[in-house]
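Following: one structure in structure tokens, then a few remarks.
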Amino acid sequence: MSPRAAWRLESLGFGTVYDYKDGKLDWLAAGFATEGTNAQKTRAGPLARKDVPTCRLDERLAGVRERVHAAGWEAAVVVNSERVVLGLLRSKELAADGERLIEEVMRPGPSTFRPYVPAADVAKTMVDRKLESSPVTTSDGRLVGLILQKDAVEAGAEHGR
Amino acid sequence: MPTEIDREELRRLVAGGAQLVEVLPAVEYAEDHLPGAISIPLSHIDAESPKRLGKNRAVIVYCWDTA
């Protein structure tokens with residue numbers, strides 16, 4: 001749709017016309033603010049806890065577990081140097097043999113949410129799939145934070161859809 | 001010929017004074033639009049459009065995605 005609009009504007013005499021080809025979906029997925037009636041709804045991005053511990057594939061579990069527990073967490077997100085999410089460690093994975101590498105024990109390819117998804121939708125999915133926590137990522141897979149089921153349920157009940 | 005841009009280029013151009021136009025139906029604009037964007041649905045772009053927009057400033061249009 002936007003290419004046709006751009007061409008039409010040019011035909012009307014506009015000299016410098018740009019087409020943001022990835023559009024509103026890309027903007028929302030990146031977690032940027034919007035204006036409008038939906039802007040007041042609580043969404044996954046702001047609910048995601050940004051202080052979630054992260055670790056790399058080649059770390060030993062024992063060291064990661066110590067760091068995660070010291071920070072008061074029972075989960076950690078496995079990322080690469082670009083902060084792209086590669087896996088997740090929940091309570092079960094954190095309890096594995098400490099000598100093993102993260103890439104051997106992590107839960108690969110975890111379910112993720114985009115930052116613009118309303119809290120009520122996140123809550124329903126997490127309850128239905130029994131997910132205690134899920135990473136929130138941008139459209140290019142980079143970590144925004146970790147959303148906890150209890151946070152999503154609380155926000156979803158408060159704000160509705 | 002219109003120039004395709006990405007998110008970062010959009011932010012740079014808007015900061016420099018470019019006009020931002022959402023061309024989706026007005027109801028979608030009302031729900032969510034980029035900060036500072038105005039609504040001119042595709043079907044409403046006509047000879048009157050130059051009155052709402054400055055012809056001498058850059059214009060950026062967008063819809064939902066690449067479709």
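Values in this text are rule-based calculations from the coordinates and carry no lab data. Keep in mind it's a predicted model, so treat the numbers as computed, not measured. Positions of Cβ are generated from backbone atoms using ideal geometry, with glycine treated the same way; all protein chains shown enter the neighbour counts.
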*When each of A:LYS41/A:LYS124; A:LYS92/A:LYS130; A:LYS24/B:LYS55; A:LYS41/A:LYS150; A:LYS41/A:LYS130; A:LYS41/A:LYS92 is checked by Cα-Cα distance, pairs over 22 Å*: A:LYS24/B:LYS55; A:LYS41/A:LYS130; A:LYS41/A:LYS92
*For region A:50-132, what is the relative contact order in percent, using Cα pairs closer than 8 Å and at least 6 residues apart in sequence?*
28 percent
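Can you tell me how much longer the chain between A:ARG56 and A:SER11 gets when fully stretched, taken as 0.36 nm per residue apart minus their C-alpha distance, in nm with one decimal? Don't skip to the end; give the middle numbers.
Numbers: separation 45, 0.36 × 45 = 16.20 nm, distance 5.22 nm.
The A:ARG56-A:SER11 span can extend by a further 11.0 nm.
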*Would you please classify the overall shape of region B:7-62 from the alpha carbon gyration tensor, given that a ≥ b ≥ c denote the square roots of the eigenvalues, rounded means a/c under 1.5, and beyond that prolate means a/b larger than b/c while oblate covers the rest?*
oblate
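State the dimensionless ratio Rg/Rh of chain A (Rg: radius of gyration of Cα atoms; Rh: Kirkwood radius). Walk me through the intermediate numbers first.
On the way: Rg = 19.4 Å, Rh = 17.4 Å.
My calculation puts Rg/Rh at 1.12.
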*Would you compute the Debye intensity of region A:120-160 from its alpha-carbon atoms alone, equal scatterers and no solvent, and pass along log10 I(q)/I(0) at q = 0.20, 0.30 Å⁻¹ to two decimals?*
-0.58, -0.97
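How much mean residue ellipticity at 222 nm does chain A get from its helices, if each DSSP H run of length 4 or more adds -39500 (n - 2.57) and you divide by all residues, to the nearest 500 deg cm²/dmol?
On the way: 8 runs with 60 residues, N = 161.
Calculated at 222 nm, the ellipticity per residue is -9500 deg cm²/dmol.
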*Cα axis of helix A:61-70 to longest principal axis of chain A: angle in degrees, 0 to 90, nearest 10?*
80 degrees
*Express in whole angstrom the spacing between the alpha-carbon centres of region A:33-112 and chain B.*
37 Å
*For the charge dipole of region A:78-161, defined by +1 on Lys and Arg C-beta atoms and -1 on Asp and Glu C-beta atoms about the Cα centroid, which residue among A:LEU146, A:VAL122, A:SER133 has the Cα displaced farthest towards the positive pole?*
A:VAL122
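For region A:1-73, what Kirkwood radius comes out of the mean inverse Cα-Cα distance, in Å? Spell out each step's value before the answer.
Values: mean 1/r = 0.0592 Å⁻¹.
This gives a value of 16.9 Å.
Within a 10 angstrom radius of each residue's Cβ in A:22-33, how many Cβ atoms of other chains show up on average? Whole number is fine.
On the way: counts 10, 12, 13, 6, 7, 9, 3, 2, 2, 0, 4, 2.
Mean shielding count: 6.
Antiparallel DSSP bridges in the protein assembly as shown: what percent, to the nearest 5?
Working: 16 of 31 bridges.
Percentage antiparallel, nearest 5: 50.
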*List the relative contact order of region A:8-161 as a percent without decimals, with contacts defined as Cα pairs under 8 Å and 6+ residues apart.*
27 percent
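Would you work out the charge dipole size for region B:7-62 about its Cα centre, treating the Cβ of every Lys and Arg as +1 and the Cβ of every Asp and Glu as -1, and quote it to the nearest 20 debye?
Details: 7 positive and 8 negative charges, 78 e Å.
So the magnitude is around 380 debye.
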_Taking amide H atoms as placed 1.01 Å from N in the peptide plane, list the residues 5 or more away in sequence, or in a different chain, whose amide H sits under 5 Å from that of A:VAL136._
A:PHE113, A:VAL144, A:GLY145, A:LEU146, A:ILE147
*Run the dipole for region A:22-81 about the Cα centre, Lys and Arg Cβ at +1, Asp and Glu Cβ at -1, nothing else charged, and hand back the magnitude in debye, nearest 20.*
140 debye
*What list of ³J(HN,Hα) values in whole Hz, one per residue of region A:117-129 in order, does the Karplus curve 6.51 cos²θ - 1.76 cosθ + 1.60 (θ = phi - 60°) give from phi, with Gly and Pro shown as x?*
5, x, 4, 5, 5, 4, 4, 4, 4, 5, 5, 4, 9
_A:ALA30 long-range amide H proximity, modeled H, under 5 Å_ = A:SER139
*Which residue, chosen from B:VAL23, B:PRO41, B:PRO2, occupies the Cα position most advanced towards the positive end of the dipole of chain B, where the dipole is computed from +1 (Lys, Arg) and -1 (Asp, Glu) charges on Cβ about the Cα centre?*
B:PRO2
*If you put +1 on each Lys and Arg Cβ and -1 on each Asp and Glu Cβ, how big is the dipole of chain A around its Cα centre, in Debye rounded to 20?*
380 debye
